[in-house]
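This report refers to the structure that appears directly beneath it.
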Amino acid sequence: MQPVFRFAPSPNGHLHLGHAFSALINARMAAEKGGRFLIRIEDIDTSRCTDSLVADCLDDLAWLGLAWEEPVLRQSTQFARYRAAADDLAARGLAFRCTCTRGDIQKAAGENPPRDPDGAILYPGTCRHGGAGGGPHALRLDCRAGIATLSGPLEWRETGEGAEQSIPADPSIWGDVVLIRKDVPASYHLAVALDDAMQGVTHVVRGRDLHAATAIHRLLQSLLGLPAPVYHHHALILDEEGRKLSKSSLSTPLRQLRAEGVTAIEIRRHLGF
Ligand code: GLU
């Protein structure tokens with residue numbers, strides 16, 4: 001089977017050096033393995049990911065010298081699929097409606113509540129057993145019920161730390177994650193699990209900041225009957241490295257470096273490509 005790689009930016013701002021690094025490492029690994037290389041635009045938040053930011057993102061990637069398969073999948077065109085998968089989980093008793101506001105969650109969770117790896121308060125379970133009435137609601141995964149369906153330990157194959165190893169996945173650290181947001185008919189975790197499978201992605205190469213998220217992605221894959229890709233979480237390039245280039249920081253947009261006269265070749269070389 002031909003390997004499939006993808007770089008999946010969320011263009012809610014302009015791409016910066018950190019994105020360039022991740023895109024370049026994906027493209028290099030795809031080339032080394034004789035694989036396909038896709039770009040997926042993760043623009044479920046259509047109020048922040050505007051058409052012009054999406055166009056600029058693709059323009060920056062082409063300027064960097066990257067080539068990818070067309071058509072580029074935009075997640076904003078896929079809401080019906082995300083909804084259908086979430087509804088399926090709800091019909092199986094694995095997801096529930098939740099009307100809680102951020103304030104409700106804070107209040108119910110009390111002082112010093114447990115937090116997920118992103119630092120958000122773990123959902124205290126308020127609506128888990130049928131609390132929610134009508135009106136605006138999110139759909140949340142019933143994480144405990146999901147874990148209870150597993151027939152064995154959950155793990156993933158990781159190649160980002162040297163030799164391939166098996167990493168135990170503990171999705172309970174995320175709790176009842178949102179599958180369908182109140183304001184957006186999708187969520188990052190659900191969309192990424194569904195699209196990696198739909199696009200036949202065999203190798204997920206992304207920054208170490210998403211290492212912990214893999215546990216909940218593995219649970220969703222298991223619940224939805226989706227295959228598990230191999231994961232490669234690369235180190236995030238250090239801010240220091242950004243600064244050396246044109247006094248920029250890691251979050252300096254590529255566009256700005258371009259405007260200052262930095263060339264794509266200089267950026268690639270600087271990042272080790
Ligand atoms: N869209 C996500 C981000 O820009 C990355 C998703 C992924 O690689 O799984 O942080």
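The values are calculated or read from the model by the stated rules, or taken from the named source; none is laboratory data. Just so we're clear, the structure is a prediction, and the values are computed from it rather than from any experiment. For neighbour counting, all protein chains shown are included, and Cβ atoms are generated from backbone atoms with ideal geometry for every residue, glycine included. Remember, those area values only see protein heavy atoms, side chains included, never the ligands or the DNA or RNA. Shrake-Rupley method; radii C 1.70, N 1.55, O 1.52, S 1.80 Å.
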Accessible-area composition of the chain, carbon plus sulfur, in percent [1.4 Å probe]: 52
Per DSSP, loop trypsin sites (Lys or Arg not before Pro) in segment 48-81 with at most 16 further Cβ within 10 Å: R48
Span from the segment 189-203 Cα centroid across to the segment 125-166 one, whole angstrom: 16
Cα-based helix-to-principal-axis angle, 79-91 vs the chain, degrees rounded to 10: 30
Calculated over segment 149-231: convex hull of Cα atoms, volume per residue (Å³): 105
Rg to Rh quotient for segment 94-133, alpha carbon positions, Kirkwood Rh: 0.97
Partnerless Cys - the chain, beta-carbon criterion under 4.7 Å: C49, C57, C100, C143
For the chain: accessible area per residue (Å², 1.4 Å): 47
Acute angle (nearest 10 degrees) that the helix 51-63 long axis makes with the longest principal axis of the chain, alpha-carbon atoms: 40
Of all DSSP beta bridges in the chain, antiparallel share, percent nearest 5: 45
With eigenvalues of the C-alpha gyration tensor scaled by 5 and rooted, the chain, Å: 34, 21, 18
Principal-axis tilt of helix 188-198 within the chain, Cα atoms, nearest 10 degrees: 70
